[in-house]
Amino acid sequence: MALWIQAQQLQGDALHQMQSLYGQHFPIEVRHYLAQWLEAQLWDAIDLENQQDEFKAKRLLDGLIQELQRKAEHQMGEDGFLLKIKLGHYATQLKSSYDPCPLELVRCVKHILYTEQRLVKEASNASSPGSGPVDGTPQRYQQINQTFEELRVMTQDTENDLRKLQHSQEYFIIQYQESLRIQAQLSSLASIPPAERVQRESGLQSRKSTLEAWLTREANTLQKYRQELAEKHQRTLALLRKQQTVIVDDELIQWKRRQQLAGNGGPSEGGLDILQAWCEKLADMIWQNRQQIRRVEHLTQQLPIPGPTEELLTDLNATVTDIISALVTSTFIIEKQPPQVLKTQTKFSATVRLLVGGKLNVHMNPPQVKATIISEQQAKALLKNENTRNDSSGEILNNNCVMEYHQTTGTLSAHFRTMSLKRIKRSDRRGAESVTEEKFTVLFESQFSVGGNELVFHVKTLSLPVVVIVHGSQDNNATATVLWDNAFSETGRVPFVVPDKVLWPQLCEALNMKYKSEVQSDRGLSEDNLVFLAQKAFSSSSNNTEDYCNMTITWSQFNRESLPGRNFTFWQWFDGVIELMKKHLKSHWNDGAILGFLNKQQAQDMLMSKPNGTFLLRFSDSEIGGITIAWVAENPNKAGERMVWNLMPFTTKDFSIRSLADRISDLNHLLFLYPSQPKEEVFSRYCTPPNSKAVGDGYVKPEIKQVVKVEFSSPNPEPSPGNSFMEHAASPTVNQHNNFTIYPSMNDSMLDTEGEFDLDETMDMARQVEEFLRQPMETQWSGQQS
């Protein structure tokens, strides 16, 4: 309700804009009497393009109707009687309007609340200039609004001048007709007697001379009016073009850039309502000036007067047509981009929108939009206006859609909901380029007319580059191509050129943005994390951040060349970490329980100064999407010697069997999370509750636990017998007095040559135990006795 209270305090144009939001589609009385209820609902939780959310929208509609009816029932007295009737009428009206399409109600209310918030915010910024955002957004908005006011005054001025010109010309024509009548009278004098003719001819000649002199002066005045009016139109069109450049080439391009960065996990690009309002104002003023120029042309044709005005009008007509054409073609945009990693035979969606469609009444004859997938080379040819002969690089199903006009929001858009890429035609690849580096784009195009077919537009817009894959295994490499393109592409580039190398801090910004978005965390990558990543990317040992500030990383280093001694690239390793975190370890990262970006030596140095049982979690260097537990404990084979142990890395596959919290709880020798926090404080709330021991239908429910097959001295008791265990062995790192790190040999058949654990073999054993325990008890024991 706080928003509605603030909205009622708006003044001037802002108040008028707020009032214009309401009408038969949503009466302002409903907003007033249900303000608290309306502002308390989760309107943003409903996706307008997801038909499955229609049920949620229907519940909101029903709730709105019930609230209105309840409010009506509580009205008392004479005034209450009238209000009761009115609110009941509104309940019936809204139910009738939105019951067939409840999502439209959500669209309407979201638009109203968003616009009110914007107007209140703008009013607040205007009253306290120092409270605006640091980037100066309110100041830019204020400048744009001031220019619109200037344009309004200029357009009104030329309208007044045009009316004055029209009135003057109409009087001129009347006087010209009078001169023709006098000339006709003079011609008719030949038929009358000479004496009378001379007397009348003298008077007519005098009147004719006076009138002709006036017509000559007035013709010059009209020509001067026309010249001045044309020059005013020139100044207005120049300012219109400048304003259009600010809105379309600056503000709209910035919105598109934010949309592109949002594909890498950046902040949302924001709504289009403000941009649409500006573009509609532009369209309205351009159209008014165009109509004025056409009226001047009509006056000129009606009364031709030799002079430079005709040439000026021709130039003005060409200019205003060019401006309106640029506005229409620039405001045909993709509101919701298709997925940039596009898998064949998979449904996908997209939304295109014409920001000036409502103002130019394009919806009166709704245009159809067609989607086509084209290659990078075809996109280049298209932007050069070369004939591509309607070529495409694949076949998209359900690729035609009619634009719909939403009266409540004033938007004209086409929602492609069930497109599917049936096949793709790849081009010849260059050098070492893989299929996941090949970029395509979805071309959306349409044709429509405005002004009663006065102007016909063929509009086109290209999606952000997409990488087409045919199998999920290609996803991580395709994502690398998209991330690099989104992060480092420049405005106005030739499709889809990106630099082959960038500064390391630039890549850090992109990686941090992606990581925070995927893990859904405010805890991003720290400076130490980024140093670790730099060491990995450049095979460096420097711990100094400044050493990497001026270093550049190439695309090949990022995701073409494998890391030294590994069979995967830098990006594949980092993407594996992201996948592991967002699927299983998101909460632990947000809690700060995972240090993650450490190598084995760093972990050892940190742990050796801590009490036995202290452990930390770090990402595996050797395995994609792996995380390991390192802990410090006594060497069971050598009294008095402490060593750091590293458990073989866990992956997504492991955590789908048993969670990290449960695994840590199983290992009794793990006591404190680095630096000194008891593990129960960190992980207990994520542990699985103990299973019931009840036996039903002859079955015993099995339980899988993790153990390490090395004995540690620990104050905690060993796990009780009777449970089945999934065994997991450890790889020790011994801290010798000479500070060298060695890996002692271990005669354990479950460990590989490096002392690491063979998960597959142990998993087989665990599955056998689980299968055995699923058998009825009688079968288990009889099988053992036999």
Item to check | Dimensions in Å of segment 538-588 - Rg and Dmax from alpha carbons | outcome: 13.6, 36
Item to check | Label zone at residue 681 (point 7 Å along Cα-to-Cβ), backbone N below 12 Å, segment 548-587 | outcome: none
Checklist entry - Heavy-atom accessible area of residue 16 with all protein chains present, probe 1.4 Å, nearest 10 Å²? => result 120 Å²
Checklist outcome for this item: Checked segment 570-707 against the a/c 1.5 cut and the a/b vs b/c comparison, axes a ≥ b ≥ c from its Cα gyration tensor; verdict oblate
Checklist entry - Would you list 97, 187 from the most to the least accessible area, probe 1.4 Å? => result 187, 97
Checklist entry - For the chain, treating each Cα as an identical point scatterer without solvent, what Debye log10 I(q)/I(0) comes out at q = 0.07, 0.08 1/Å? => result -0.77, -0.94
Checklist entry - Given the C-alpha centroids of segment 317-362 and segment 10-73, what is the distance between them in whole angstrom? => result 28 Å
Checklist entry - Can you give the direction-averaged projected area of the convex hull of the alpha-carbon atoms in segment 287-420, in nm²? => result 11.3 nm²
Checklist outcome for this item: The local net charge around residue 345, scoring Lys/Arg +1 and Asp/Glu -1 for residues other than residue 345 whose Cβ lies under 10 Å from its Cβ, equals +4
Checklist outcome for this item: Per DSSP, the loop-located trypsin sites (Lys or Arg not before Pro) within segment 633-662 having at most 16 other beta carbons within 10 Å are 638
Checklist outcome for this item: Taking alpha-carbon centroids only, segment 152-167 lies from segment 541-583 a number of Å equal to 65 Å
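Over all alpha-carbon pairs in segment 136-326, figure out the percentage whose distance exceeds 26 Å. Provide the component values of the computation, followed by the final result.
On the way: 9579 of 18145 pairs.
The proportion of pairs with Cα distances above 26 Å equals 53 percent.
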Item to check | Entries of 256/582; 370/425; 56/514; 582/705; 422/582 with Cα pairs more than 21 Å apart | outcome: 256/582; 56/514; 582/705; 422/582
Checklist entry - Shape call for segment 583-625 from the C-alpha gyration tensor, a ≥ b ≥ c root eigenvalues: rounded (a/c under 1.5), prolate (a/b greater than b/c) or oblate? => result oblate
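Evaluate E = 1/(1 + (r/R0)^6) for residue 92 and residue 336, where r is the Cβ-Cβ distance and R0 equals 51 Å; express this FRET efficiency to the nearest 0.05.
The calculated FRET efficiency here is 0.90.
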Next on the checklist: Quick check: with the 1.4 Å probe, what order do 402, 341 take by accessible area, largest first?
Outcome noted: 402, 341
Item to check | Principal axes of segment 337-498: Cα extent on each, largest first, Å | outcome: 54, 31, 29
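Please work out how much length the chain gains when fully extended from residue 238 to residue 427, using 0.36 nm per residue of separation minus the C-alpha to C-alpha distance, in nm with one decimal.
Separation in residues times 0.36 nm, less the Cα-Cα distance, equals 63.6 nm.
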Item to check | Inter-label distance for residue 3 and residue 82, nm, one decimal - labels placed 7 Å from Cα along Cα-to-Cβ | outcome: 3.0 nm
Next on the checklist: Kirkwood Rh over alpha-carbon pairs of segment 401-493, then Stokes-Einstein at 37 °C and 0.692 mPa s: what D in µm² s⁻¹, rounded to an integer?
Outcome noted: 197 µm²/s
Checklist entry - Accessible area of residue 680, 1.4 Å probe, to the nearest 10 Å²? => result 100 Å²
Checklist entry - Among 233, 363, what's the order by accessible area (1.4 angstrom probe), most exposed first? => result 363, 233
Checklist entry - Which semi-axis lengths, in whole Å and largest first, follow from the square roots of five times the eigenvalues of the Cα gyration tensor of segment 7-52? => result 24, 13, 11
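In square nanometres, what is one fourth of the surface area of the convex hull spanned by the alpha carbons of segment 3-125? Mind dumping the intermediate values first?
Working: hull surface 32.0 nm².
The Cα convex hull of segment 3-125, projected and averaged over all directions, gives 8.0 nm².
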Item to check | the chain, accessible surface, carbon-and-sulfur percent (1.4 angstrom probe) | outcome: 49 percent
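The values are calculated or read from the model by the stated rules, or taken from the named source; none is laboratory data. These numbers come from a predicted model, not from an experiment. Methodologically, a virtual Cβ is constructed for each residue, glycine included, from the backbone with ideal geometry; neighbour enumeration extends over all protein chains shown. Ligands, DNA and RNA are stripped out before the accessible areas are found, and what is left, the full protein with its side chains, is counted by its heavy atoms. Shrake-Rupley method; radii C 1.70, N 1.55, O 1.52, S 1.80 Å.
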